[in-house]
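Enquirer: Here it is, the structure in full.
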Amino acid sequence: EAALCGALFRGAHIFLAREVPREPLALVIRAFGGVAGWDGEGSPLQETDESITHHVVDRPVQGHRFLTREYVQPQWVFDSANWRVLMPTEKYAPGQALPPHLSPFVDNEEEGYAPDFAQEIARLQEAARAARMRASGLISEDAFAEEAAAREASAGEGDAAAAAAADPAVAERQYQAELNKELRAAAKAASKGQEAGSSEEDSEEGGEDAEMDEEGSPEGKAPAAKGAAAEDDEAAMKDIMMTRKTKKFYERVQRAQLGKRERIEELEARKRKLSTQQQQEPAAGSTSNKRRK
């Protein structure tokens, strides 16, 4: 991690325009291995220096542009540092609507919701990691593809213990899964005992059941009834086997999961509403232009 941070802006000569906050930007650029310049005393770079690779500005229109450098807004520096990958400069061009500024301290898997831009960042990070591995000769193209496929197939299984130890919420989910597994096993054992006790009665009533099937009796509904009865038995078994403390803990986990689902639904609704508004704005603009003509 330290080596990655120290080499993120390596080879980049970044010039800071007058209107941008010089001190924080220069600090981040230098901390991540880059060279920062500005218009004033003590700057290692002049604005006309041909070695400049990026020019950080905060104005939509530039009076003079150098074709040998990329023009970006200040958020490009901070997003690249936060996500440990050089973000595409096209999204941060002057006058461009900036992408959402996401926090690197939010665990999207824990929250249960990943914004579209967060998924794009994850793909960029994976591509950058693959490029570093190939450049160092530690992995080939085919080996990396196989590793990615295996990692997707076993996602969430290999690091379950470490995640549970690091995050109490993950530990709660793991405990709940194990508890549900034990309850299902106990309910299944109880249902087997009931079936063994009633096997003699079933054998005696076999002839009558066969006649009822031929006459179109509700025997076809037996599987559904058995399934509902099994669910009721499982729920009753949960209440019986849980201690008061365990039951309170289980209810608290259920409430937390319900609240998380509600937040996810709210975020999805806001996302759909925003997408609809963005689609309607160009249509409204074209209509107003036609009216003017």
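Enquirer: What are the residues in region 82-95 that are surrounded by fewer than 20 Cβ atoms within 10 Å (Cβ to Cβ) and in a helix (DSSP H, G or I), if any?
Expert: Scanning region 82-95 gives N82, W83, T89, E90, K91.
Enquirer: Out of everything in region 1-30 that is without any contact (Cβ under 8 Å) to a residue 40 or more places away in the chain and among the small types (G, A, S), what residue ends up being surrounded by the most Cβ atoms within 10 Å (Cβ to Cβ)?
Expert: A26
Enquirer: Another question about this same structure. Looking at region 35-49, is at least one residue farther than 25 Å from A118 by Cα, open to solvent by 80 Å² or more (accessible area, probe 1.4 Å), in a loop (DSSP other than H, G, I, E, B) and of a type in the set (A, V, I, L, M, F, W, C)?
Expert: The answer is no, given that none of the residues of region 35-49 is farther than 25 Å from A118 by Cα, open to solvent by 80 Å² or more (accessible area, probe 1.4 Å), in a loop (DSSP other than H, G, I, E, B) and of a type in the set (A, V, I, L, M, F, W, C).
Enquirer: For G112, only one of the following conditions fails: (1) under 26 Å from the mean Cα position of the chain (by Cα); (2) surrounded by fewer than 18 Cβ atoms within 10 Å (Cβ to Cβ); (3) under 27 Å from A2 (Cα atoms). What is its number?
Expert: Against the list (1) under 26 Å from the mean Cα position of the chain (by Cα); (2) surrounded by fewer than 18 Cβ atoms within 10 Å (Cβ to Cβ); (3) under 27 Å from A2 (Cα atoms), G112 comes up short only on (3).
Enquirer: Another question, then. If a residue has to be loosely packed, with under 15 Cβ neighbours inside 10 Å and in contact (Cβ under 8 Å) with a residue 24 or more places away in the chain to count, how many in region 59-69 make the cut?
Expert: Total meeting the criteria: 4.
Enquirer: Another question about this same structure. Just to check your reading of the model, which residue among A122, A130 is part of a helix (DSSP H, G or I) and either open to solvent by less than 40 Å² (accessible area, probe 1.4 Å) or within 17 Å of I14 (Cβ to Cβ) (or both)?
Expert: Details: A122 fails: either open to solvent by less than 40 Å² (accessible area, probe 1.4 Å) or within 17 Å of I14 (Cβ to Cβ) (or both).
After applying the criteria, what remains is A130.
The values are calculated or read from the model by the stated rules, or taken from the named source; none is laboratory data. Note that the structure is a prediction, hence the values are computed from the model and not measured. In this analysis, Cβ positions are derived from the backbone assuming ideal geometry, glycine residues included, and neighbour counts consider all displayed protein chains. Please note that ligands, DNA and RNA were not included when accessible areas were found on the heavy atoms of the full protein model with its side chains. Shrake-Rupley method; radii C 1.70, N 1.55, O 1.52, S 1.80 Å.
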